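Remarks on the structure that follows.
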Amino acid sequence: MPRRTLNLGILAHVDAGKTTLTERLLYAAGVIDEIGSVDAGTTQTDSLALERQRGITIKSAVVSFAIDGVTVNLIDTPGHPDFIAEVERVLSVLDGAVLVISSVEGVQPQTRVLMRALQRLRIPALLFVNKIDRPGAGEERVLRAIAERLSPAVVPMGFTRGLGTRTAGFTPWREQDIAARARLAEVLAERDERILAAYVDDELSVPYGRLRRELAAQTRRGLVYPVFFGSAVTGAGVPPLMTALAELLPAAAGDPGGPVSGRVFKIERGAGGEKIGYVRMFSGTVRARDRLRFAPAREDSAREDSAREDSAREDRADREGKVTAIGVFERGPATPRASVSAGQIGKLWGLDEIQVGDQIGQPGPVAARQQFAPPTLESVVVARRPGDRAALRAALGQLAEQDPLINVRQVLGETSVSLYGEVQKEVIQATLASDFGIDVTFRETTAICIERPVGRGEAAELLGAPGNPFPAALGLRIEPAPAGSGVGFRLDVGIRSMPMYVYKTTGNFAAMMAQYVRQALREGLSGWQVTDCAVTMYESGYISPATTAAHFRKLTPLVLLAALERAGTVVCEPMIRVSMEIPAGAVGAVLAAVARLGGTAGTPSPRGDLALLETLLPAARAQDLQRQLPGLTSGEGVAETSFGGYQPVSGPPPDRRRTGRNGVSGRAR
Ligand SMILES: Nc1nc2c(ncn2[C@@H]2O[C@H](COP(=O)(O)OP(=O)(O)OP(=O)(O)O)[C@@H](O)[C@H]2O)c(=O)[nH]1
Ligand SMILES: [Mg+2]
């Protein structure tokens with residue numbers, strides 16, 4: 001029987017201890033003899049020079065170890081919100097996850113964002129409450145926060161002792177621990193009627209072995225979340241966590257003899273500049289010298305509004321290439337192998353045109369996309385030496401290969417990139433300098449706005465009508481839809497009006513029209529992406545055999561923009577929610593700063609000598625507030641940010657087309 005493989009993501013808010021835990025797991029599994037440290041820059045997974053200097057993870061990294069007959073491919077991810085796109089890319093290849101929570105800081109904003117994504121995608125997860133050796137560590141408090149803010153379906157798997165000391169430990173519950181057993185039965189009974197029936201008679205009448213099996217079954221279906229406590233630094237609680245990985249999470253199934261199907265989730269450049277694709281295999285076997293076909297994976301997005309990215313994907317049709325070498329993750333880093341099979345993660349050399357998000361061979365499970373907020377900022381990158389301009393464009397092209405969301409755009413001879421925040425900007429700058437020898441500066445960071453229709457508008461081009469340049473008829477209606485709903489598309493025409501000799505099925509016709517519509521909505525009346533709308537196609541016509549797909553594709557933007565002009569749009573800017581804990585005496589100064597930056601604030605709520613303050617600021621200004629906070633609060637204020645949706649801009653709408661650059665200065669208006 002082939003070894004089973006568990007592709008496991010380690011996810012958490014920044015600094016919760018993911019990389020340290022990864023190191024500890026590798027040590028406990030005997031893969032490394034010495035434990036590296038993030039602070040000394042000696043860990044296995046923070047291997048980039050920049051990661052070592054800064055002590056944060058920037059790129060996801062894969063490393064493997066074996067436990068109880070299972071090979072675990074562990075994917076250490078960055079926790080900083082500027083690098084959330086790295087997390088999104090690995091979500092589609094995970095069998096399970098460990099969500100790390102600091103026992104001192106508790107549930108943090110990014111913890112919630114990540115947990116929601118795991119829940120939406122039904123990815124089974126174990127929770128590991130880390131840093132129990134640190135002063136200020138909590139148990140009950142953290143469990144309450146988890147139940148209230150993450151999921152009520154949690155099962156503590158043991159108890160702690162010596163919290164907040166170097167000797168802090170974690171002991172798993174045993175069969176004899178009556179209270180814990182009753183609680184386990186209670187949680188499981190909520191989702192299983194047979195357990196409920198047995199449990200109603202007597203909580204302890206359900207055999208312990210059955211409870212454990214049911215716990216594994218419910219955990220694997222993403223219905224309950226077992227919680228462990230421990231310390232990645234001292235190693236406390238790590239052995240029970242490791243046992244649980246094999247017992248409670250699902251290892252990958254898949255037929256190595258089946259048709260080839262895999263997903264590319266990471267692109268890297270080798271020492272000689274060669275492209276390396278990381279693929280997770282769902283089925284079949286890829287061997288060196290195989291010719292492979294690849295194309296963008298089908299996607300399932302939480303929010304369907306990324307017309308920008310859709311269009312980028314559309315431009316890259318099916319491609320192919322020949323695999324020249326393979327590395328497989330089995331123990332530690334990848335080792336050279338002749339093939340990679342179902343369930344495994346491999347590195348593939350030789351596929352020069354491979355892209356992040358590509359599907360290799362047969363379609364696999366639908367890819368997760370748009371689980372998190374998109375980048376909200378952009379900035380023009382300028383080479384300090386004018387002679388570097390062409391090299392800069394090429395270098396940014398390579399970076400965009402590894403991180404498609406940086407979305408390199410040429411605007412009036414300049415190059416702009418989209419950004420999540422300042423840290424990502426610094427990383428791009430440092431990477432360009434160290435890896436490409438190009439010194440750059442950034443122009444002012446500005447917001448990436450969106451447009452929403454404000455009313456309903458429709459337009460049509462009929463067959464043979466004057467002014468219709470194509471032998472195709474098309475009528476489209478656009479109307480507003482709820483915020484965050486993206487772009488909806490619906491066909492409302494009879495089958496006889498669809499050119500089936502071109503599109504074969506109505507489903508395909510609808511899918512292609514939806515794609516043309518999303519493409520056309522990339523630029524609205526003010527040049528921003530149009531979203532949160534419902535588009536209905538109410539008119540269709542063709543002349544066989546003259547009409548082709550290109551006619552519908554080219555007619556769509558003409559009709560849709562006419563409809564959009566009748567509907568009208570409002571330009572909305574991205575907002576960031578900044579939650580602060582500040583000294584009570586600093587409230588006045590902070591409120592004034594928030595107002596100066598164009599933000600709004602809720603009522604401060606007192607907590608001892610401190611005040612909690614919730615504010616909402618334009619994205620381009622939120623980081624200014626964070627920069628000013630230490631000065632305003634004598635260094636005592638702490639702030640946490642999260643995406644706050646889009647709000648109509650006040651004043652004249654910034655026009656991205658007229659200026660060719662983002663017209664929003666982000667200043668208070
Ligand atoms: N006391 C204590 N410190 C810890 C523990 N785990 C991690 N740390 C420290 O916390 C800091 C962050 O640890 P990392 O492992 O880099 O955290 P991370 O989650 O990988 O951080 P990012 O990848 O940047 O999001 C480092 O200084 C670690 O030494 C722990 O269990 N106890
Ligand atoms: Mg890390």
*Structure shown: which of 131/275; 18/275; 347/425; 322/504 lie over 30 Å apart, alpha-carbon to alpha-carbon?*
131/275; 322/504
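Can you compute the FRET efficiency between residue 287 and residue 246 using 1/(1 + (r/R0)^6), with r the Cβ-Cβ distance and R0 = 35 Å? Round to the nearest 0.05.
On the way: r = 29 Å, r/R0 = 0.83.
Once the sixth-power term is evaluated, E becomes 0.75.
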*Sort the stretch 364-407 into rounded, prolate or oblate with this rule: let a ≥ b ≥ c be the square roots of the eigenvalues of the Cα gyration tensor; rounded if a/c is under 1.5, and if a/c is not under 1.5, prolate when a/b is larger than b/c, oblate otherwise.*
oblate
*Taking Cα atoms, how many degrees apart are the long axis of helix 140-149 and the longest axis of the chain, rounded to 10 and kept between 0 and 90?*
20
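Give me the net charge of residue 42's neighbourhood, meaning all other residues with Cβ under 10 Å from the Cβ of residue 42; Lys, Arg count +1, Asp, Glu -1. Display every interim value, and only then the final one.
Working: positive: 52; negative: 23, 34, 39, 46.
Neighbourhood net charge equals -3.
Give me the dipole magnitude in Debye, nearest 20, for the chain about the Cα centre, with unit charges on the beta carbon: positive for Lys and Arg, negative for Asp and Glu.
Numbers: 78 positive and 74 negative charges, 221 e Å.
Dipole size: approximately 1060 debye.
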_Neighbourhood charge, 10 Å Cβ-Cβ cut-off, centred on residue 214 and excluding it, Lys, Arg +1 and Asp, Glu -1_ = +4
*Report the label-to-label distance for residue 122 and residue 607 in nanometres (one decimal), using points 7 Å from each Cα along the Cα→Cβ vector.*
3.6
*Carbon and sulfur atoms: what percent of the 1.4 Å accessible area of the stretch 71-174 do they account for?*
52
*Output ³J(HN,Hα) for the stretch 592-601: one whole-Hz value per residue in order, computed from phi by the Karplus curve 6.51 cos²θ - 1.76 cosθ + 1.60 with θ = phi - 60°, and x for Gly and Pro.*
5, 5, 4, 5, 4, 8, x, x, 10, 10
*Rounded to whole Hz and in sequence order, give me ³J(HN,Hα) for the stretch 208-225 from the Karplus expression 6.51 cos²θ - 1.76 cosθ + 1.60, θ = phi - 60°, writing x for Gly and Pro.*
4, x, 5, 4, 5, 5, 5, 4, 4, 4, 6, 5, 5, 8, x, 8, 10, 10
*Along each of its three principal axes, how wide is the spread of alpha-carbon positions in the stretch 564-654, in whole angstrom units, largest first?*
55, 21, 19
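How much FRET efficiency would the formula 1/(1 + (r/R0)^6) give for residue 433 and residue 196, where r is the Cβ-Cβ distance and R0 is 56 Å, rounded to 0.05? Intermediate values should be presented prior to the final figure.
Numbers: r = 62 Å, r/R0 = 1.10.
Once rounded, the FRET efficiency stands at 0.35.
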*Using amide H atoms built 1.01 Å from N in the peptide plane, name the residues 5+ places from residue 154, or on other chains, whose amide H lies under 5 Å from its own.*
225
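Starting from the Cα gyration tensor of the stretch 1-140, take the square roots of the eigenvalues, sort them a ≥ b ≥ c, and report rounded, prolate or oblate (rounded when a/c is under 1.5, otherwise prolate if a/b is larger than b/c, else oblate).
Taking the square roots of the gyration eigenvalues as a ≥ b ≥ c, the stretch 1-140 is rounded.
To check you understand DSSP bridge types, tell me what percent of the beta bridges within the chain (both residues inside) are antiparallel, rounded to 5. Mind showing how you got there, number by number?
Values: 102 of 137 bridges.
Rounded to the nearest five, the antiparallel share is 75 percent.
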*Degrees separating the helix 389-402 axis from the principal Cα axis of the chain, which is the longest one*: 50
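Sequence gap at least 6, Cα distance under 8 Å: using those rules, report the relative contact order of the stretch 215-290 to the nearest whole percent. Provide the component values of the computation, followed by the final result.
On the way: 83 pairs, mean separation 18.7, N = 76.
After rounding, I find 25 percent.
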*From the square roots a ≥ b ≥ c of the eigenvalues of the alpha-carbon gyration tensor of the stretch 72-178, which class results: rounded (a/c under 1.5), prolate (a/b over b/c), or oblate?*
prolate
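For the stretch 525-635, report the accessible area per residue in Å² (1.4 Å probe, heavy atoms, rounded to an integer).
Per-residue accessible area for the stretch 525-635 comes out at 40 Å².
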*asked:* For the chain, place one equal point scatterer on every Cα, skip the solvent, and apply the Debye formula. What is log10 of I(q)/I(0) at q = 0.07, 0.08, 0.09 Å⁻¹?
replied: -0.52, -0.69, -0.87
*Roughly speaking, to the nearest percent, how much of the stretch 538-628's 1.4 Å accessible area is carbon and sulfur?*
54
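When Lys and Arg each count +1 and Asp and Glu each count -1, what net charge do the other residues less than 15 Å away from residue 6, Cβ to Cβ, add up to?
Values: positive: 3, 4, 220, 280, 331; negative: 68, 76, 95, 247, 330.
Value of the local net charge: 0.
FRET efficiency for residue 255 and residue 319, Cβ-Cβ distance as r, R0 = 25 Å, nearest 0.05? Display every interim value, and only then the final one.
Values: r = 25 Å, r/R0 = 1.02.
Once rounded, the FRET efficiency stands at 0.50.
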*Of 106, 606, 564, which is farthest along the charge dipole of the chain in the positive direction, counting Lys and Arg as +1 and Asp and Glu as -1 at C-beta?*
564
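Normalised by the empirical 2.2 N^0.38 Å for globular proteins, what value does the Cα Rg of the stretch 337-378 take?
1.59
The values are calculated or read from the model by the stated rules, or taken from the named source; none is laboratory data. This one's a predicted model, so the numbers in the text were calculated from it and none came from an experiment. Glycine gets a Cβ as well: all are built from the backbone with ideal geometry, and neighbour counts include every protein chain shown. For the accessible areas, the whole protein counts, side chains as well, though only heavy atoms, and no ligand, DNA or RNA atoms are used. Shrake-Rupley method; radii C 1.70, N 1.55, O 1.52, S 1.80 Å.
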